[in-house]
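Here's the structure, in structure tokens; my notes come after.
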Amino acid sequence: MATFLLSAIKTLAAQLLDFALPPRCAGCAEIIDEVDGFCAECWLTLDWLGTGGCDRCGLPLEATDAALCGRCLAAPPPLDRMRAAVAYGPLSRVIALKLKYGRKIALARTMARYMAPLLGPASDAILVPVPLHRRRLWWRGFNQSGLVAKQLGARWEMPVDQHLLRRIRPTPPLKGMNEAQRRRAVSGAFVTVEGRQIEGRTVILIDDVLTTGSTAAACAKALRKVGAGRVELISWARVVRPSRLMR
Ligand SMILES: [Zn+2]
Ligand SMILES: [Zn+2]
């Protein structure tokens, strides 16, 4: 309980401070003109992914007018649409870490600002953050993806369901695992709570960082089990092989 209270006080103090001070770049803290943005130099170091690319996975399509990439054609991924604001790189990583471990709550607004243009045509959708296990939530005091989902819900005027998905067991760090190991590590880790009407509806998962998509796939599976129509994902950053980035 004390952790929650302390975290709430810190959040409030940070918000008050935010309000009183001039806007600063989310990357280097230089004073800038508008809130929740980046200075020109930091902006240029970020690889913005945009809404183009493969209809389904969002990865850049190499010199082709096809709607889907070869990988999605060969084996349709469990998510109907995946988009991320930026490629995972030095600065986008720092932004994600500062929100998660540094309690820089205002960064959830910055992330949401740049994730907002990535919304697809679905208008009846509900936003659902990728959940943390309750033990981690208790230690951290907040779910970083939940904060971003809240900001996006406000921007898009869409419902946010912070508790639709539950992570029923803690999952090990997936770093260094191959695809099959990752799948196994998160398999069955997510369930939906009872009593929600999501039959046929579109669910948009909100996450901070998308790596291989195995966590998102496990979430999608749990959502499909209770009848979700489409399952999409919008994240702040995404791991993209440098060779796939168009510069
Ligand atoms: Zn900067
Ligand atoms: Zn694709």
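The values are calculated or read from the model by the stated rules, or taken from the named source; none is laboratory data. Quick caveat, the model's predicted, so the values are computed rather than measured. Note: ideal-geometry Cβ built from the backbone for every residue, glycine included; neighbour counts use all protein chains shown. The protein model used for the area step is the full one, side chains on, heavy atoms only, and it has no ligands, DNA or RNA in it. Shrake-Rupley method; radii C 1.70, N 1.55, O 1.52, S 1.80 Å.
Taking DSSP loops as anything outside H, G, I, E and B, show the longest stretch in the chain free of GluC sites (Glu not before Pro) there with at most 13 other beta carbons within 10 Å.
Details: sites that count: GLU30, GLU34, GLU62, GLU157, GLU194, GLU199.
Between the exposed loop sites, the longest stretch runs 63-156.
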With every protein chain in place, the accessible area of LYS98 for a 1.4 Å probe, in Å² rounded to the nearest 10, comes to 70
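Out of all DSSP beta bridges with both ends in the chain, state the antiparallel percent to the nearest 5.
Antiparallel bridges: around 20 percent, rounded to the nearest 5.
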Using unit Cβ charges (K, R positive; D, E negative) and no other charged atoms, how large, in debye to the nearest 20, is the dipole of the stretch 174-247 about its Cα centre?
320
If you look for lysine pairs in the chain that are eight or more places apart or on different chains, how many of them have Cα atoms under 21 Å apart?
9
Could you identify which residue out of GLY52, GLY176, GLY188 has the top mean-square fluctuation in a GNM of the chain using Cα springs shorter than 10 Å?
GLY176
Given the options ILE168, SER235, PRO60, identify the residue whose Cα lies farthest towards the positive end of the charge dipole of the chain (+1 on Cβ of Lys, Arg; -1 on Cβ of Asp, Glu).
ILE168
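Probe radius 1.4 Å, ligands and nucleic acids left out: which of ILE105, ILE95 has the largest accessible area, and how do the rest follow?
Numbers: ILE105 25, ILE95 0 Å².
Result, largest first: ILE105, ILE95.
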A correct Stokes-Einstein calculation for the stretch 184-247, using the alpha-carbon Kirkwood radius, 10 °C and 1.306 mPa s, returns a whole-number D in µm² s⁻¹ of 121
For the stretch 108-247, just say rounded, prolate or oblate: build the C-alpha gyration tensor, square-root its eigenvalues into a ≥ b ≥ c, call rounded for a/c under 1.5, and beyond that prolate if a/b exceeds b/c, oblate if not.
rounded
Given a 1.4 angstrom probe, I'd like the percentage of the accessible area of the chain that is carbon and sulfur, rounded to a whole number.
57
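Give me the accessible area per residue for the chain, probe 1.4 Å, as a whole number in Å².
In whole numbers, the chain has 55 Å² accessible per residue.
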Rough spin-label spacing in nm, given labels placed 7 Å along Cα→Cβ, for VAL94 and ARG183:
3.7
Give the ranking of LEU5, LEU97 by solvent-accessible surface, highest area first, calculated with a 1.4 Å probe.
LEU5, LEU97
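Give the ranking of ASP124, ASP161 by solvent-accessible surface, highest area first, calculated with a 1.4 Å probe. Walk me through the numbers on the way to the answer.
On the way: ASP124 75, ASP161 25 Å².
Descending accessible area places them as ASP124, ASP161.
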Within the chain, helix-based [θ] at 222 nm, where runs of 4 or more DSSP H residues each add -39,500 (n - 2.57), nearest 500:
-10500 deg cm²/dmol
Kindly work out what percent of the DSSP beta bridges joining two residues of the stretch 147-247 are antiparallel, to the nearest 5.
30
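When a/c reaches 1.5 or more, the comparison of a/b and b/c decides; with that in mind, is the chain rounded, prolate or oblate per its Cα gyration tensor?
On the way: a/c = 1.60, a/b = 1.14, b/c = 1.40.
Judged from the Cα gyration tensor, the chain comes out oblate (a/c at least 1.5, b/c at or above a/b).
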With N denoting the number of residues in the stretch 32-158, provide Rg(C-alpha) divided by 2.2 N^0.38 Å, to two decimal places.
1.17
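Quick check: from the Cα gyration tensor, does the stretch 95-146 come out rounded (a/c under 1.5), prolate or oblate?
Working: a/c = 3.65, a/b = 1.48, b/c = 2.47.
Since a/c reaches 1.5 but b/c is at least a/b, the shape of the stretch 95-146 is classed as oblate.
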